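The values are calculated or read from the model by the stated rules, or taken from the named source; none is laboratory data. In this text the structure is predicted, and so the values were computed from the model without any measurement. Cβ coordinates were reconstructed from backbone atoms using ideal geometry, including for glycine residues, and neighbour counts include every protein chain displayed. Surface accessibility is based on the protein's heavy atoms, side chains included, excluding ligands, DNA and RNA. Shrake-Rupley method; radii C 1.70, N 1.55, O 1.52, S 1.80 Å.
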Amino acid sequence: MGKLKIFLILSLLFVCSLPAYADTSVSGAITTDTTWTLAGSPYVVTSTVYVYGTAATPATLTIEPGVTVKFASNAGLQVGSGSNLGSLVARGTASERIIFTRNSASGTWGGINFQDATLDETSAIEHADIRFSGRLKVYSSSPLIRNVTISDCTDYGIYLNSATPILYTVAITNSGTYGIYLSSSNPTITGCTITNTHAAGYGIYGSGSPVISDSTINITNTAGKYGLYLSSTTSALSVSNSTIANGLYLGSTGITPTITGNSFTNTDNSPLRAGANIIAQILNNNTFNGLTSAGSIEVTGEQINQDTLWKKLIAPYIIVSGNVSVHKDTATPATLTIEPGTVVKFASSSGLRIGNGASLGSLIARGTASERITFTRNSSTGTWSGITFYDGTVDETAVVENVDISYASGLTLSSASPVFRNCTISALADYVNLSNSNPTLDNVTISNNGSYGISLSSSSPTITGGSLTNTSPTGFGIRGSGS
């Protein structure tokens, strides 16, 4: 027998010895432990598969490495149902990945849905590729998602509702509104990549306190769209050592999250927004690229209860809402220090408040002759609510020097005596109001159109140099009680 014939016979025997794979159609409820084997692959899901047992005994669907699962357009995979427990164990390997995909050449399928009856201790998707699905949904459950790609999503990549899953080295590529949508959810996101190509899309969006580390978020550079946008969050939020396109938005105040070692890009189009108490820490502990004089740092008004330095930046700080109130407690002051050359702009209802009753606070705003500090309105018209020094002001340290204050409704000192030196206070809608206060006004220029230039109530300021101009037809220069 010739060598060629022997080779052909051996080849035929080898081919015949290979396992024969055939499509396996599946649908409906799986109520007992079930395994989808490689020998039965590919599995074609013709209508949604539900995996659940009873409230006491779970049903588990196990999918072997290398299996492909194809879904009809309206079909999906749901784990858990009501109080009936279910589990999905889909653990591929690096060389034999599990594939979840559509059965047709186009369109999408319904996705994988973990419900609140999911058995978190065992449920996992690992070394798997999820393609062309609507989204991966996790409701009130915490499965493990590791070494998974979620690609070609037309909707969200992952939707989390009251969920705390672990996402480890997950790569999401979608063209929908959100890469990951959070609804009161606190996932752990480690080593992940999120890419959203939708022109109006976000990276991670919603409410919750994720713990994010060593991850990358890429989105289209569209104004007002963020790589990380959290309308509400808590101090449990942690973002570290990650690269995030299109800035950071934190809607909550009164929080002290951990945000460090990150690089944020495109920060002109999508500016950093955070509370006044933490904005400086975020700026100091991270890198913000793409910031120009046309951009801004958006600050939400809240209490500053620690010593804080607002550094001079190429862009202005804008107080977008509320008052910035600087005070700590009756024993220890909080001090806001503002570097020379800094510009701070205020929304119409916003202002700056120093001290609060017996709670101590101080403002150190020392500009220089060549780098003056500016406090002004953010809009082209109207006024902002001004600066108020209350009786908790630490008079020994509070100083406003080489500063220009414009378009404020007024400047008020109530039982406080800071130093003002080489300042201009212009275009006031009202007046400088001193009540039980003895400040030093050294070379201060005041121009306003209110009832008074300076109103005194039991006050004895020291006024040296400077000028006062009141353009109101019925206005006074200095009027009131004092010495």
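Annotations
- One residue alone among S455, S426, S447, S481 is assigned to a strand (DSSP E or B), among the small types (G, A, S) and open to solvent by less than 30 Å² (accessible area, probe 1.4 Å), and that residue is S455.
- When region 395-414 is filtered for residues that are over 19 Å from G450 (Cα atoms) and either modelled with pLDDT under 95 or open to solvent by less than 30 Å² (accessible area, probe 1.4 Å) (or both), the ones remaining, listed by number, are A398, V399, V400, N402, V403.
- A single entry from K328, K312 fulfils the requirement of being farther than 19 Å from G410 by Cα, modelled with pLDDT of 95 or more and out of contact with any strand residue (DSSP E or B) (no Cβ under 6 Å at 6 or more places or on another chain): K312.
- Qualifying residue in region 117-137 (condition: among the aromatic types (F, W, Y), without any contact (Cβ under 8 Å) to a residue 60 or more places away in the chain and not in a loop (DSSP other than H, G, I, E, B)): no
- Meeting the requirement of 1 or more residues that are within 28 Å of the chain's Cα centre (by Cα) and acidic (D, E), the strands (runs of 3 or more DSSP E) wholly within region 282-384 are 297-300.
- Looking at S235, S231, just one residue is assigned to a loop (DSSP other than H, G, I, E, B) and either acidic (D, E) or on the phi < 0 side of the Ramachandran plot (or both), and that residue is S235.
- Residue list for region 247-269, restricted to those being touching a Gly at 6+ places or on another chain (Cβ under 6 Å), modelled with pLDDT of 95 or more and either farther than 22 Å from A200 by Cβ or not in a strand (DSSP E or B) (or both): T253
- Inspection of region 371-383 identifies no residue that is closer than 14 Å to A398 by Cα and open to solvent by less than 30 Å² (accessible area, probe 1.4 Å).
- Of the residues making up region 148-169, those that are over 23 Å from G80 (Cα atoms) and either in contact with a Ser or Thr (Cβ under 6 Å, 6 or more places away or on another chain) or open to solvent by less than 30 Å² (accessible area, probe 1.4 Å) (or both) are S151, C153, T154.
- Search result, residues across region 428-480 that are among the charged types (D, E, K, R) and closer than 24 Å to S348 by Cα: D430
- Here is the figure for region 227-244: residues that are touching a Ser or Thr at 6+ places or on another chain (Cβ under 6 Å), open to solvent by less than 10 Å² (accessible area, probe 1.4 Å) and more than 17 Å from S162 (Cα to Cα) total 1.
- For L363, the conditions (1) within 19 Å of D307 (Cβ to Cβ); (2) buried (at least 18 other Cβ atoms within 10 Å of the Cβ); (3) in contact with a Lys or Arg (Cβ under 9 Å, 6 or more places away or on another chain) are fulfilled apart from (3).
- The listed residue being open to solvent by 10 Å² or more (accessible area, probe 1.4 Å) and among the hydrophobic types (A, V, I, L, M, F, W, C), out of A117, A105, A128: A105
- Tabulated pairs, region 263-286, first within 13 Å of K311 (Cβ to Cβ) and open to solvent by 20 Å² or more (accessible area, probe 1.4 Å), second in a loop (DSSP other than H, G, I, E, B) and charged (D, E, K, R), C-beta under 8 angstrom, 6+ apart or interchain: L283/K311; N284/K311
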